[in-house]
Each structure stands twice: as structure tokens, then as C-alpha cells.
Amino acid sequence: MNIFQISDLHYPYQGERGIENIEKIINHMKTQDIKPDILLVSGDLINNDFEDYYPVLKILDNLDTPYFCITGNHDNSKKLMAALKKYVPAHPLSEHADKLDYCIDSYPLRIIALDSYKENTPGGELSAGQLDWLEQKLADNPLQKPVVVMVHQFTVDAGLNFFDVKTRQPWCDKFNEIIVARNDTVKLVACGHLHNSLVSNIAGVPVISCFSANWQAHLDFEPVRNMQELERPVGYYIHRWNGRNMVSYAVALS
């Protein structure tokens, strides 16, 4: 199974330049020798205060493959859910009224998507109810399918001042405990948020932050006053499941 991943599109930030970056990634995905079975879109589809999801969904449609979205801290749960229902009727519906949480069982891998959006909170939130739901979905797996969990925030310490000190939230620790308990089943935690390609693990489970499709952030190992943007390549990930192992490929575009 070939899972492609794109993240942090922030449409229409940077105007034409940002839009061109997003389109360049989708076009590059189409040139790969392997074709995606699905595309994961791990949050921040739009930028702050931009409310129309149609233009960015239209770009994603150009890949001509099923795609599955979650919110990031720049999105809005209700507005994204409404846009998907209107423009992408094949997209899974949420199992909760106010959050885009869903589970997909129609592939060799089970996909569990969690909506961590909380207004004015860069680090987001998963409620106790959502975490209980995640535990239930991991436990209730009669076919014992391997699982990919998608959530916007990178839930382990990245060693970066802005993301660890300024935005990380307590829910991440409970989330990680749940993954530890199911580290024999969960094969990947697919994230975004860091605007960089970073890889870590939770008890051996890979946790991967995808590049931003729009702009990359400064790696602030030392404190910086504000988030800084860098001239670094945008990119995407290809996660390949062969029935036994997951191999993830970082594809950076110049």
C-alpha cells in the first residue's frame, strides 16, 4: 500500500508563490513511478482568517486519488467538515458532531484520523472523549489490521523552542501513552505542524512530521523571538507498507 502525505498547505499564504509550491508538490506526486493508494493531508489546509476551502480542495483533486484530511491549528473543524461534505462527498464523515474524527477500514492498513483543532491554541487539543475513542478504535480491531494514526501536532519533544516550549500541550503525553500500549499494532503516527521533516518514535512507533507544502520553519534549537521562515525545499512523504514493514521516503523539491 502506498500512502502519500502532504501537510501545512496554508492556502493562500505567500500568494502565488505559496500556491505554486502546493501545485508543484501535487504535480510531482503524479510523476512518481508508484501511484498513491491514498493521500493523507495532515492539517493546516488554509491559513489564518481564510475561510474558503474550495480552492485548496480543488488542487488536491488534481492528484485523482482518494484523500483524507484532518484539521491543523490554522483550520476550523466545523468549516472543514462542511467543505468536505459539500465538495468531497466521498470523504469519510466524522464520528463526532464537532470534531473531524474518523476511522477507515477499507484498506490493508486501518487509518485513524484525529481532529486536534482548538481555537487560538497552536498546540491544539484532544479531549478526554477523543482519547477514549482512540483507545477504543485501537482495541476494537477484529481483523488485527496494522494502523496509521494521523494527528496534526508532533506529539513528542522535537528539541525545538517554539514547538516544545510555546505550543506543546498536556494531551500529547496521554496520546503517547495510548500509542505505547498499542505499539505492536500502530505502524506510523503521521503529523505535520513543524514545517520541517522530522522523525522520532514512541516506543518504536515512527512519528513523522511532514514538510510544509508552503514554507519551512527555522529549526530553533536556541530560543528565538518569533517564528522564522527559511528558504528550504518544500516536499512530501511516501509511506510504503509491504505487509510487514513501513518504509517512509522524504521527497524534497528544490
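The values are calculated or read from the model by the stated rules, or taken from the named source; none is laboratory data. Owing to the predicted nature of the structure, the values given are computational and were not obtained by experimental measurement. Glycine also receives a Cβ, built like all others from the backbone with ideal geometry; neighbour counts cover every protein chain displayed. Quick note on the areas: whole protein, heavy atoms, side chains included, nothing else; ligands and nucleic acids left out. Shrake-Rupley method; radii C 1.70, N 1.55, O 1.52, S 1.80 Å.
Considering each of Lys145, Lys166 in turn, give the residue that is part of a loop (DSSP other than H, G, I, E, B), basic (Lys, Arg) and either in contact (Cβ under 8 Å) with a residue 24 or more places away in the chain or in contact with a Lys or Arg (Cβ under 6 Å, 6 or more places away or on another chain) (or both).
Unique residue meeting the criteria: Lys145.
Do the conditions hold for Met29, that is, is it closer than 21 Å to Gln153 by Cβ and not in a loop (DSSP other than H, G, I, E, B)?
Judged against the criteria, Met29 is not a match.
Residue pairs, Cβ under 9 Å, 6 or more apart or interchain, first in the stretch 13-37 and over 25 Å from Asn48 (Cα atoms), second hydroxyl-bearing (Ser, Thr, Tyr). List them.
Partner pairs satisfying both residue conditions: His28/Tyr236; Met29/Thr65; Met29/Tyr236; Lys35/Thr65; Pro36/Thr65; Pro36/Tyr67; Asp37/Thr65; Asp37/Tyr107.
Any idea which of (1) buried (at least 21 other Cβ atoms within 10 Å of the Cβ); (2) more than 30 Å from Pro170 (Cα to Cα) is the one Ala113 doesn't satisfy?
Answer for Ala113: the failing condition is (2).
Conditions tested, residue by residue: (1) of a type in the set (Ser, Thr, Tyr); (2) in a strand (DSSP E or B); (3) under 16 Å from the mean Cα position of the chain (by Cα); (4) at pLDDT 95 or above.
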{"site": "Ser212", "(1), (2), (3), (4)": "yes, no, yes, yes"}
{"site": "Phe221", "(1), (2), (3), (4)": "no, no, no, no"}
{"site": "Met227", "(1), (2), (3), (4)": "no, no, no, no"}
{"site": "Ala252", "(1), (2), (3), (4)": "no, yes, no, yes"}
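Looking at Val247, Val189, which one is under 16 Å from Gly72 (Cα atoms) and not basic (Lys, Arg)?
Val189
Given the options Leu84, Leu134, Leu100, name the one that is assigned to a helix (DSSP H, G or I), open to solvent by less than 10 Å² (accessible area, probe 1.4 Å) and either without any contact (Cβ under 8 Å) to a residue 40 or more places away in the chain or of a type in the set (Gly, Ala, Ser) (or both).
Leu84
Just a yes or no: is a residue in the stretch 121-128 assigned to a loop (DSSP other than H, G, I, E, B) and of a type in the set (D, E, K, R)?
The answer is yes; a qualifying residue exists.
Has the stretch 155-168 got at least one residue that is under 20 Å from the mean Cα position of the chain (by Cα), over 23 Å from Leu114 (Cβ atoms), open to solvent by less than 60 Å² (accessible area, probe 1.4 Å) and not acidic (Asp, Glu)?
Scanning the stretch 155-168 turns up at least one residue that is under 20 Å from the mean Cα position of the chain (by Cα), over 23 Å from Leu114 (Cβ atoms), open to solvent by less than 60 Å² (accessible area, probe 1.4 Å) and not acidic (Asp, Glu).
Go through the stretch 36-81 and give me each residue that's in a helix (DSSP H, G or I), over 17 Å from the mean Cα position of the chain (by Cα) and within 19 Å of Lys99 (Cα to Cα).
Lys78, Lys79
Please go through the stretch 3-26 and give me each residue that is part of a strand (DSSP E or B) and open to solvent by 20 Å² or more (accessible area, probe 1.4 Å), ordered by number.
Correct list: Tyr11 only.
Step by step: first the residues of the stretch 177-194, then only those that are open to solvent by 10 Å² or more (accessible area, probe 1.4 Å) and part of a loop (DSSP other than H, G, I, E, B), then the one that is nearest to Ser7 (Cα to Cα). Which residue is that?
Within the stretch 177-194, the match that is nearest to Ser7 (Cα to Cα) is His193.
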